[in-house]
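Worksheet for the structure shown next.
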Amino acid sequence: MADAPRIVGIGGTLRPQSSTESAVADVLKFARDLGAETVLIGGGDLEMPFYSTLDTSRTPKAEALVDALRTADGVVIGSPGYHGGVSGLVKNALDYAEDLRDDARPYLDGRVVGLVASAAGDQAGMTTLGMLRDITHALRGIPTPYGCIFNAADRSPEAVAGRQKKLQLLAGQVVEVAKALKHAQA
């Protein structure tokens, strides 16, 4: 569909099927259910050289990330809470948004951004979500009102069901705002 918003999910760890990457994938699934076109750039796709302005050559993974961000109407970013902060893998990926600085829509300007933080406890999740919000603002993105935090260590059926509700709520906000922004920019 031509009017379908394009939502790009970024996040995870280098561990296959990490809880963070799974959560981002779930948000994208819910977004597809709402009519969005989605792309997942998971942990393995984020294994790139450290971002550098001194070397403008880019690996195929870095080019794919930048191209996906360039065409996105909305972005979902997920990070594990490593020592109360954003993982280096996710932060490095977001540093590549600097390649968009000279675009008509620089960085994440005019794009809605949904945020997911996973951790083994509440404190690390809260501080990670706060950092993701700060990074989103610095990149001129529009964070959704709701940011999803979940305890990855709690795999009880109640926790999993609650997590799915949170991720569905986040997907709804990303798709709704992405559609409104896309319509306003047309």
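Consider residue 77 against the criteria (1) under 20 Å from residue 20 (Cβ atoms); (2) buried (at least 20 other Cβ atoms within 10 Å of the Cβ); (3) without any contact (Cβ under 8 Å) to a residue 60 or more places away in the chain: it satisfies all of them except one. Which criterion is unmet?
In the conditions (1) under 20 Å from residue 20 (Cβ atoms); (2) buried (at least 20 other Cβ atoms within 10 Å of the Cβ); (3) without any contact (Cβ under 8 Å) to a residue 60 or more places away in the chain, residue 77 misses (3) alone.
Quick check on my filter: what residues within segment 82-124 are of a type in the set (D, E, K, R) and more than 20 Å from residue 42 (Cα to Cα)?
Taking segment 82-124 as the starting set, the residues that turn out to be of a type in the set (D, E, K, R) are 91, 95, 98-99, 101-103, 105, 109, 111, 122.
Correct list: 101, 102, 103, 105, 109, 122.
Return the total of residues in segment 116-150 being at pLDDT below 95, open to solvent by 30 Å² or more (accessible area, probe 1.4 Å) and part of a loop (DSSP other than H, G, I, E, B).
The total comes to 1.
List pairs: first residue in segment 1-14 and modelled with pLDDT under 95, second residue buried (at least 18 other Cβ atoms within 10 Å of the Cβ) and among the polar types (S, T, N, Q) anywhere in the structure, Cβ distance under 7 angstrom, at least six positions apart or on different chains.
Correct list of pairs: 12/18; 12/20; 13/20; 13/87.
Among the residues of segment 163-186, write down those that are open to solvent by 30 Å² or more (accessible area, probe 1.4 Å) and small (Gly, Ala, Ser).
Quick first cut of segment 163-186, residues open to solvent by 30 Å² or more (accessible area, probe 1.4 Å) only: 163-166, 168-169, 173, 176-177, 179-186.
Of everything in segment 163-186, those that are open to solvent by 30 Å² or more (accessible area, probe 1.4 Å) and small (Gly, Ala, Ser) turn out to be 180, 184, 186.
Cβ contacts < 7 Å: first residue closer than 17 Å to residue 21 by Cα and part of a helix (DSSP H, G or I), restricted to segment 160-186; second residue acidic (Asp, Glu) and open to solvent by less than 80 Å² (accessible area, probe 1.4 Å), any location; separation 6+ or different chain. Result?
Cβ pairs passing all conditions: 164/26; 167/26.
Being in a loop (DSSP other than H, G, I, E, B) and open to solvent by 10 Å² or more (accessible area, probe 1.4 Å) is the filter here; which residues of segment 80-115 pass it? Before you say what the answer is, go through the steps one by one.
Start the filter on segment 80-115 by keeping residues that are in a loop (DSSP other than H, G, I, E, B), which leaves 83-84, 87, 101-111.
Within segment 80-115, 83, 84, 101, 102, 103, 104, 105, 106, 107, 109, 110 meet the criteria.
From the residues in segment 18-64 that are in contact (Cβ under 8 Å) with a residue 12 or more places away in the chain, charged (D, E, K, R) and in a loop (DSSP other than H, G, I, E, B), which one is most open to solvent (accessible area, probe 1.4 Å)?
47
Looking at 81, 35, which one is of a type outside the set (A, V, I, L, M, F, W, C) and closer than 25 Å to residue 121 by Cα? Steps first, answer last, please.
On the way: 35 fails: closer than 25 Å to residue 121 by Cα.
Only one candidate passes the filter, namely 81.
Under 30 Å from residue 183 (Cβ atoms), open to solvent by 10 Å² or more (accessible area, probe 1.4 Å) and in contact with a strand residue (DSSP E or B) (Cβ under 6 Å, 6 or more places away or on another chain): does that describe residue 67?
Working: under 30 Å from residue 183 (Cβ atoms): yes; open to solvent by 10 Å² or more (accessible area, probe 1.4 Å): yes; in contact with a strand residue (DSSP E or B) (Cβ under 6 Å, 6 or more places away or on another chain): no.
It is false that residue 67 is under 30 Å from residue 183 (Cβ atoms), open to solvent by 10 Å² or more (accessible area, probe 1.4 Å) and in contact with a strand residue (DSSP E or B) (Cβ under 6 Å, 6 or more places away or on another chain).
The values are calculated or read from the model by the stated rules, or taken from the named source; none is laboratory data. None of the values given here were measured: they were computed from a predicted structure. Positions of Cβ are backbone-derived with ideal geometry, glycine not excepted, and every protein chain shown enters the neighbour counts. Side chains included, ligands, DNA and RNA excluded: accessible areas come from the protein's heavy atoms. Shrake-Rupley method; radii C 1.70, N 1.55, O 1.52, S 1.80 Å.
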